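Worksheet for the structure shown next.
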């Protein structure tokens, strides 16, 4: 499974990598903002199975990135991982096309559970 | 801390409590570190509380800045607990970790402040003698914090839009 981690904090990407390495057969790619992530997506043959997306990032924020991805790709699983916890923000992200939402700070268990939940739901669909 | 604490009756608990809770939650959840918060006070001068500082800007219904500043030794140990490995103080990763801690504290508190505000990506200052100027002319409320690794402080200098 190919996962793209999109977060301007390398520390946060490393934490996510460490937690998600518990899943079998994972390959990671990383981007520091939405624009860089779009470039990586375009250059990756076969695309990604899952993208973890931060909201507040320089250059291009996570919500804009999600909207751009969803213009052409309805299939890739997208999870917003952000400090933005207001209901209106969550609704904005859901309307933009995210499959799930995890609020920082999160425990490793909570992150893994969200990812597993998202993968299971997609498999069942 | 060496600052003189100015007693002031106008500290609004609705402004302070979300940050106190956010500090405890962020360090406990992301670093496994129990922290304590002490009585807030109005900052009597614009100088830095400590030498390592992550700063987040607010815009929208809330404007201003929130900074989280650490003593050098507290910063190094808290970052190690957060990142899972020691990071060199002069490395970009160290500043990144400080910025992300500030981001999570500001972001976690924001949802409880009311209104709809956006937060900036973090800025990080490492050094002595800096001052943080704020265009909102709001008072700077300092929340002194403690950890097993040393002291730090959250400085809240924000204004909420009056409806």
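Observations on the structure shown:
- Among residues of region B:118-132, those that are at the interface with chain A (Cβ under 9 Å from one of its Cβ atoms) and either touching a strand residue (DSSP E or B) at 6+ places or on another chain (Cβ under 7 Å) or closer than 14 Å to residue B:53 by Cβ (or both), counted: 4
- Filtered residues of region B:134-163 (kept if more than 17 Å from residue B:36 (Cβ to Cβ) and more than 15 Å from the chain's Cα centre (by Cα)): B:135, B:136, B:137, B:138, B:159, B:160, B:161, B:162, B:163
- Any chance residue B:55 is on the phi < 0 side of the Ramachandran plot and under 14 Å from the mean Cα position of the chain (by Cα): yes
- Looking only at residues of region A:69-92 that are closer than 16 Å to residue A:42 by Cα and part of a helix (DSSP H, G or I), we find that the one that is farthest from the other protein chains (Cβ to nearest Cβ) is A:72.
- Lone qualifier among B:56, B:62 - being within 11 Å of chain A (Cβ to nearest Cβ), more than 22 Å from residue B:148 (Cα to Cα) and buried (at least 19 other Cβ atoms within 10 Å of the Cβ): B:56
- Number of the exception - residue B:39 against (1) closer than 18 Å to residue B:124 by Cβ; (2) surrounded by fewer than 23 Cβ atoms within 10 Å (Cβ to Cβ): (1)
- For region A:93-110, taking the residues that are in contact with a helix residue (DSSP H, G or I) (Cβ under 6 Å, 6 or more places away or on another chain) and within 14 Å of chain B (Cβ to nearest Cβ), the one that is surrounded by the most Cβ atoms within 10 Å (Cβ to Cβ) is identified as A:104.
- Pick from region A:111-125, criterion without any contact (Cβ under 8 Å) to a residue 40 or more places away in the chain and in contact with a strand residue (DSSP E or B) (Cβ under 7 Å, 6 or more places away or on another chain), ranking: farthest from the other protein chains (Cβ to nearest Cβ): A:117
- Yes/no for residue B:95 being touching a strand residue (DSSP E or B) at 6+ places or on another chain (Cβ under 7 Å), at pLDDT below 95, under 22 Å from residue A:81 (Cβ atoms) and crowded, with 16+ Cβ neighbours inside 10 Å: no
- Some residue of region B:81-91 being in contact with a helix residue (DSSP H, G or I) (Cβ under 6 Å, 6 or more places away or on another chain), crowded, with 23+ Cβ neighbours inside 10 Å and away from chain A (no Cβ under 12 Å): no
The values are calculated or read from the model by the stated rules, or taken from the named source; none is laboratory data. Remember, predicted model here, so these are calculated numbers, not experimental data. In this analysis, Cβ positions are derived from the backbone assuming ideal geometry, glycine residues included, and neighbour counts consider all displayed protein chains.
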